[in-house]
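The values are calculated or read from the model by the stated rules, or taken from the named source; none is laboratory data. Since this is a predicted model, take the numbers as computed values, not measurements. Note: ideal-geometry Cβ built from the backbone for every residue, glycine included; neighbour counts use all protein chains shown. Protein only, heavy atoms only, side chains kept; ligands, DNA and RNA dropped before computing areas. Shrake-Rupley method; radii C 1.70, N 1.55, O 1.52, S 1.80 Å.
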Amino acid sequence: MKIAIASDHGGYELKEELKKYLAERGDIEVLDLGTDSEDSVDYPDYGVKCGEAVADGRAERGVVCCGTGIGISIACNKVRGIRCALCTDVHMAALSRQHNNANVLALGGRTTFIEDAKAILQTWLDTDFEGGRHQRRIDKIAAYEKNEGGIHE
Ligand code: RB5
């Protein structure tokens with residue numbers, strides 16, 4: 001699987017640690033979209049960059065990190081087709097895949113311990129979407145994105 005990964009300065013250290021974890025797994029190709037240091041940058045640039053890489057098929061899924069995971073997940077979710085889930089434990093990570101088919105995972109570099117973040121990422125990578133009624137709900141989000149309406153009918 002190919003994973004796009006991006007962070008701002010607040011998530012840089014975590015991004016680098018997660019890259020080591022992904023390299024150790026051996027089954028993941030990583031597309032690192034920056035940032036490349038702890039110099040201050042703006043999280044929307046990196047959230048959108050990662051979202052676009054997933055939306056246009058350069059990567060199957062993405063991982064984004066900022067200080068809290070909040071700003072970068074908000075930015076990433078502005079890209080059409082992206083379902084970015086900010087997860088703070090493995091239970092949320094599993095459900096974000098099973099129910100929401102999350103295609104980007106957001107993590108907070110200043111709010112989540114590195115070992116916890118690795119466990120969250122592992123669960124998120126290894127959990128499948130359940131489909132069924134959950135597909136119908138995702139389809140409603142996609143329809144809204146396309147301005148087809150449908151949610152309030
Ligand atoms: C940057 O200082 C910080 O605001 C950012 O990393 C993130 O936490 C925003 O949501």
Averaging the inverse of every distinct alpha carbon separation and then flipping it gives the Kirkwood radius. What is it for region 1-63, in angstrom units? 11.6 Å
What is the projected area of the convex hull of the Cα atoms of the chain, averaged over all directions, in nm²? 8.6 nm²
Which ³J(HN,Hα) values in Hz, rounded to whole numbers, follow from the phi angles of region 75-80 under the Karplus curve 6.51 cos²θ - 1.76 cosθ + 1.60, where θ = phi - 60° and Gly and Pro get x? 4, 4, 5, 7, 7, 4
Apply the Karplus curve 6.51 cos²θ - 1.76 cosθ + 1.60, θ = phi - 60°, to the phi angles in region 23-32 and return the couplings in whole Hz, x for Gly and Pro. 5, 5, 4, x, 10, 10, 9, 10, 10, 8
Given H placed 1.01 Å from N in the peptide plane, which residues other than close sequence neighbours of Lys2 have an amide H under 5 Å from its amide H? Glu29, Glu60, Arg61
Cysteines of the chain without any disulfide-compatible partner (other Cys Cβ under 4.7 Å) are Cys50, Cys65, Cys66, Cys87
Which lysines have a Cα less than 20 Å from the Cα of Lys140, not counting those fewer than 8 places away in the same chain? Lys78
Summed over the other residues with a beta carbon less than 13 angstrom from that of Lys20, with K and R at +1 and D and E at -1, the charge totals -2
With Cα atoms, 0 to 90° folded angle of helix 133-145 axis to the chain main axis: 90 degrees
Go through region 47-130 and name the GluC sites (Glu not before Pro) that are in a DSSP coil and have 15 or fewer other Cβ atoms within 10 Å of their Cβ. Glu60, Glu130
Provide the gained length on full extension for the span Glu24 to Asp126, in nm with one decimal, where the gain is 0.36 nm per separating residue minus the Cα-Cα distance. 35.2 nm
Order Leu105, Leu33 by their accessible area, 1.4 angstrom probe, all chains in place, largest first. Leu33, Leu105
With the Cα gyration tensor of region 65-137 giving a ≥ b ≥ c as the square roots of its eigenvalues, does the rule (a/c under 1.5 for rounded; else a/b larger than b/c for prolate; else oblate) give rounded, prolate or oblate? oblate
Explain nothing, just compute: Karplus ³J(HN,Hα) = 6.51 cos²θ - 1.76 cosθ + 1.60, θ = phi - 60°, for every residue of region 46-51 in order, whole Hz, x for Gly and Pro. 8, x, 5, 4, 5, x
Partners for Lys2 among lysines (Cα-Cα distance below 20 Å; same-chain residues under 8 apart left out): Lys15, Lys19, Lys20, Lys49, Lys118
Please list, by residue number, everything in region 14-45 whose backbone N is under 11 Å from a paramagnetic label point 7 Å out along Cα→Cβ of Ile74. 44
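Mind putting a number on the dipole of the chain about its Cα centre? Charges go on the C-beta only, +1 for Lys and Arg and -1 for Asp and Glu, and I need it in Debye to the nearest 20.
600 debye
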Pick from Arg97, Arg110, Arg133: which is most flexible by mean-square fluctuation in a GNM of the chain where alpha carbon atoms under 10 Å apart are linked? Arg133
